[in-house]
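Since every read-out is calculated from the coordinates, none of them should be taken as a lab result. Since the structure is predicted, the reported quantities are computational estimates derived from the model, not experimental observations. Neighbour counts are summed over all protein chains in view; Cβ atoms, including those assigned to glycine, are modelled from backbone coordinates with ideal geometry.
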Amino acid sequence: MIFEREELALMPYVARDQLGFIACLFGIEQPGVAEEFLPDDDPEVVTYLSQPRRVEAMSHLYGGLTITDASALAGTYRVSGEEGQYINAVQTCWNDNGSMPNGKSVVELFDIMGTLHNFDKNSMRTFARAARDFTHNCNLYAQGETINLPPNQISLTTAASDAAPPFAYDHENRIRALEGLPPLTFDEFMTRGDS
């Protein structure tokens, strides 16, 4: 799904980066993240939307993340805005309590077509990590730190078997480059004691 500049301009709440520049636009207020309202003709919003990589990354992110396997969960899901907050809240509950919210055995999540899906704890944890990585990598692309947009399709089976998210491997090698060290191969990264 590609959003036109005019559609993105209808997202008047801004989140700012550490330098005070607009980092992302939201259609609704995001408490603690994007509480500042700016009209769509504000010079900062106009400048932000004139940056093609940011618009492309936002469009990619708002298009959602598609699960390609696990037929009961197959579908495209929004992972930004309120949906992203919900996914993050479920993951936070798991991290804090070791269980799903309210002790449930499944979490319900609608795909973009309005179909309700029941995620068990393993599929939800895997999906939440994939959504986090997808969002993070869209932001890295928007900031010019990566060359390509991240894939917007995942296999829960493959993702569950991955021991380390790809962004961790890329991040480690970015740090090594800044320190003047040679990059690690993926096998070297996976066999380090602290990964």
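Between the beta carbons of S155 and E36, assuming R0 = 35 Å, the FRET efficiency works out to 0.40 to the nearest 0.05.
Each Lys or Arg adds one and each Asp or Glu takes one away; over the other residues whose Cβ falls under 11 Å from the Cβ of C24, this sums to +1. Simple spin-label estimate for H136 and S105 gives 3.2 nm between the two label positions (7 Å along the Cα-to-Cβ direction from each Cα).
Coupling constants for region 25-30 follow from the phi torsions by the Karplus curve (6.51 cos²θ - 1.76 cosθ + 1.60, θ = phi - 60°), and in residue order they are 10, 10, x, 10, 4, 10 Hz; glycine and proline get x. Counted residue by residue at 0.36 nm each, then reduced by the alpha carbon distance between them, the extension gain from T68 to Q51 reaches 3.0 nm.
Ranked by Cβ crowding within 10 angstrom, fewest neighbours first, how are F127, F37 ordered?
Values: F127 27, F37 10.
Ordered by Cβ neighbours within 10 Å, fewest first: F37, F127.
The calculated FRET efficiency for Q85 paired with E188, based on their beta-carbon distance and R0 = 41 Å, is about 0.70.
When each of S99, S105, S80 is scored by the number of other beta-carbon atoms lying within 10 Å, the sequence from fewest to most is S105, S99, S80.
Approximating the spin labels as points 7 Å out from Cα along Cα→Cβ, the L19-to-D96 distance works out to 3.4 nm. For D120 and I28, the FRET efficiency from 1/(1 + (r/R0)^6), where r spans their Cβ atoms and R0 equals 30 Å, is about 0.55.
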